[in-house]
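None of the figures in this text is laboratory data; all of them are computed from the coordinates on show. What you are looking at is a predicted structure, and each value in this text was computed from that prediction instead of being measured. Cβ placement follows ideal geometry from the backbone for every residue including glycine, while neighbour counts extend to all protein chains displayed.
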Amino acid sequence: MATATGKQQSPSTTYNKLEFLRLMFLSREGDRREGVLLRQSKGWFQVSGMGHEPLAALALHLREDDYIFPYYRDRAMMLAKGITNAELALAYFAKRDSSSGGRQMPGHYSSREKNIWSVPTPTGGNALPGCGAAWGMKLEGKDSVVIATVGDAAARQGEVYEAISFAIQENLPYILVIEDNQYGISTNTEKFNPFKLGIFNESHIVRIDARHPDNVYRAGGEAIKKARSGLGPTVLWCELDRLSSHTSSDDHRVYRTEADLSEMIKRDPIVVVAQELIRSGELTEDEWGRIQDEIKDQVDRDYIEAENAHDPIASELNEHLYGELPVPEPPPIEGGKKWRMVDALNTVFKAALDKDNRVLFFGEDIEDPKGGVFKLTDGLSTAHPDRVFNSPLAEATILGVACGLACYGMRPVFELQFVDFIGPGWSQLVNNIATIRWRSFGQWPCPVIVYAPYGAYLPGGSLWHSQANESAIAHTPGLRVMIPSTPQDAAAMMWTAMKADDPTVFLIPKHLFRQQMDTPSDISAVGFGSAAVRREGTDVTVVAWGNCIEQAEQAAEMLKDEVSVEIIDLRTIVPWDRRSVADSIAKTGRLVVVQEDSETCSVGQMVIQAMTGDPETWGSFISPPQLVSKGDVHIGYNPIYEYAALPDVERVAAAIRLTME
């Protein structure tokens with residue numbers, strides 16, 4: 001733990017109540033100081049941990065190889081794990097040398113060195129990633145543990161339920177701490193708290209009066225010992241008081257009575273523990289006064305130094321959004337023969353599992369004998385039963401666990417059965433997977449691959465099995481997006497993605513899944529941001545990807561006697577190959593983009609805007625560019641609806657002809 005001087009001690013199960021009182025007061029004084037600074041207009045926001053300090057006793061049982069997935073009231077626990085008050089002061093002022101480089105709000109702790117995962121603001125968003133790290137520990141045969149903490153209001157989040165379910169299912173070394181202060185901002189949680197409603201099996205729950213650190217230390221020690229022994233998870237339901245308003249943007253006097261506040265103050269853990277030590281003769285009033293003065297002086301110095309520290313640098317805005325791109329290598333498939341995309345990917349998956357013990361597969365129905373509903377994982381669990389697993393029908397679990405595993409150091413390659421069902425996992429994708437590297441200033445890379453069948457042109461898919469939604473995914477910074485259109489590209493692009501240190505969403509066009517295609521004898525590597533010229537031409541540039549490559553090729557063949565069409569297969573949506581598109585337009589002077597995603601705010605519109613917005617490329621245009629797209633409408637079950645919505649060869653040909661007028 002950290003002493004009042006901010007020096008880190010080795011983790012120990014020794015519980016010294018006087019030293020712990022010092023730590024609680026250090027946390028409290030930091031909260032008090034931040035409140036003063038905010039009232040002086042020095043800072044923008046503050047979230048307090050006042051009343052939650054006793055939970056720091058959990059950290060006294062932790063080793064260096066244990067992880068904490070905290071939430072924003074865990075200031076004292078962070079001090080106990082080794083973060084210094086000076087570091088918390090830097091975070092309050094959002095300074096360049098803070099754990100997030102000034103990118104996160106105060107209370108959003110992070111330390112890769114101390115295995116403290118970067119706090120997300122969405123409540124409960126840390127619970128499933130914590131399960132991922134705990135699963136990684138178990139798979140490696142370690143006796144490390146994970147502590148994840150959430151507030152009582154967040155316990156109603158579906159992801160918290162999924163985390164408890166997965167931790168019990170896999171018997172993980174995982175302790176979920178419910179910090180129950182009876183309030184979610186202004187709303188009393190008495191009638192919402194699932195533990196008070198009796199929803200969970202109480203055999204996994206330990207209820208604690210967490211207003212006193214003795215209780216936390218004792219119950220926490222038992223839960224951690226249980227986890228280390230392989231006996232599975234525990235939910236610590238910790239009842240305590242929030243002695244402050246929710247945040248600096250709130251005033252709890254508006255919704256709490258004076259009597260309620262007065263009664264709560266009497267239970268202040270710092271006052272209670274100090275009085276116990278004074279009554280027992282271990283501390284005098286004078287000594288306690290001197291300790292408080294020493295800590296106040298230290299906190300003042302820390303915050304004065306932090307206020308004068310370097311601010312973030314605007315030119316570093318994009319730093320750590322992505323890592324370095326991997327050097328692409330040819331995939332391990334044989335060229336010069338016919339391949340189906342599904343078989344090419346399966347071959348690459350097998351090679352990756354054989355080569356790297358960190359690679360894990362997880363998804364619905366992916367184990368043998370099913371081997372995935374599209375047979376993408378056929379044979380994988382038979383060859384590697386220790387690293388290929390069926391998931392529950394829970395997309396948030398799939399994506400949240402992937403995030404935690406990747407941050408822990410594994411290489412998850414996780415399947416969504418259809419990209420249409422990404423919705424339940426959307427928060428984990430865009431709030432954690434996409435942001436974790438940037439928000440931690442590069443401390444927490446997240447090398448996840450999420451692959452999914454995608455797109456339409458297969459009658460009978462309806463609304464829920466036909467979506468092409470790459471634009472929505474590509475809209476979120478921090479994600480890379482790939483869409484192959486040939487078996488060799490699918491293999492090569494997946495092989496590259498598996499070497500990346502960034503999350504990649506890999507979308508596999510269902511219409512092309514099982515088409516037998518000839519492959520060149522020499523199968524080349526494909527890097528991120530590398531488009532392919534599928535057909536050379538001189539009159540019109542057609543840009544497409546995925547299923548729409550087929551529409552573009554058929555239209556070009558239909559018009560071959562009247563128009564020379566050049567087809568560019570974008571292949572990767574993020575990053576995309578602007579140079580190849582621009583070079584083609586410089587030759588043809590005309591552009592048609594074909595996509596099966598909806599039109600508004602789409603990749604097709606992005607390509608056209610980028611090309612017309614560039615003065616150099618704009619000067620090459622002979623005619624206005626055209627977008628051939630699915631309209632802003634859903635796909636119906638009857639094929640009449642589906643083909644009415646999707647781009648077809650006739651529409652592509654008409655757009656090409658229009659650019660020639």
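Rounded to whole numbers, the Karplus 3J(HN,Hα) couplings from phi for region 561-572 are 7, 10, 9, 9, 9, 9, 10, 10, 8, 5, 6, 10 Hz, using 6.51 cos²θ - 1.76 cosθ + 1.60 with θ = phi - 60°, and x at Gly and Pro. Sort largest first and round to whole Å: the equivalent ellipsoid semi-axes of region 532-660, each the square root of five times a Cα gyration tensor eigenvalue. The equivalent ellipsoid of region 532-660 has semi-axes of 23, 17, 13 Å.
Specify whether the C-alpha gyration tensor of region 1-130 places it in the rounded, prolate or oblate class, a ≥ b ≥ c being the square roots of the eigenvalues: rounded for a/c under 1.5, otherwise prolate if a/b is larger than b/c and oblate if not. Note, shape of region 1-130 comes out oblate.
Restricting the trypsin sites (Lys or Arg not before Pro) of region 251-358 to loop positions (DSSP other than H, G, I, E, B) with no more than 15 neighbouring Cβ atoms within 10 Å leaves R267, K337. Rounded to the nearest 20 debye, the dipole magnitude of the chain is 760 debye, with +1 charges on Lys and Arg beta carbons, -1 on Asp and Glu beta carbons, and the Cα centre as origin. Amide H contacts of I508: A452, Y454, each under 5 Å away and 5 or more positions distant or on a separate chain (H built 1.01 Å from N in the peptide plane; Pro and chain starts excluded). Shape class for region 144-292: oblate, because the ratio a/c of the largest to smallest gyration tensor axis (alpha-carbon atoms, square roots of eigenvalues) is 1.5 or more and b/c is at least a/b. The value of relative contact order for region 449-524, using C-alpha pairs under 8 Å at least six residues apart, is 42 percent.
Per-residue packing, averaged as other Cβ atoms within 10 Å, sorts the ranges 479-488, 516-525 into the order 479-488, 516-525, beginning with the highest. Can you grab the distance from the C-alpha centre of region 299-318 to the C-alpha centre of region 199-215, Å, no decimals? Cα centroid of region 299-318 versus Cα centroid of region 199-215: 39 Å apart. Spherically averaged projected area of the convex hull of Cα atoms, the chain: 32.0 nm². Under 21 Å of direct C-alpha separation, and excluding same-chain neighbours fewer than eight residues apart, K114 reaches these lysines: K7, K81, K95, K138, K142, K225.
Peptides 238-251, 423-436, 615-628, ordered by how many other C-beta atoms sit within 10 Å of their residues on average, highest first, read 423-436, 238-251, 615-628. Classification of region 17-309 by its C-alpha gyration tensor yields a rounded form. The axis ratio a/c (a ≥ b ≥ c) stays under 1.5. Under the combined filter of DSSP loop state and at most 12 neighbouring Cβ atoms within 10 Å, region 531-574 retains these GluC sites (Glu not before Pro): E536, E562. Per residue, the convex hull spanned by the alpha carbons of region 207-299 comes to 173 Å³. Please report, in whole Å³, the volume per residue of the convex hull around the C-alpha atoms of region 76-144. Measuring per residue, one finds 96 Å³ for the Cα hull of region 76-144. All Cα-Cα distances of region 595-661, cut into 5 Å bins from zero to the largest, leave 3, 16, 20, 21, 18, 11, 5, 3, 1, 0 percent in each bin in turn.
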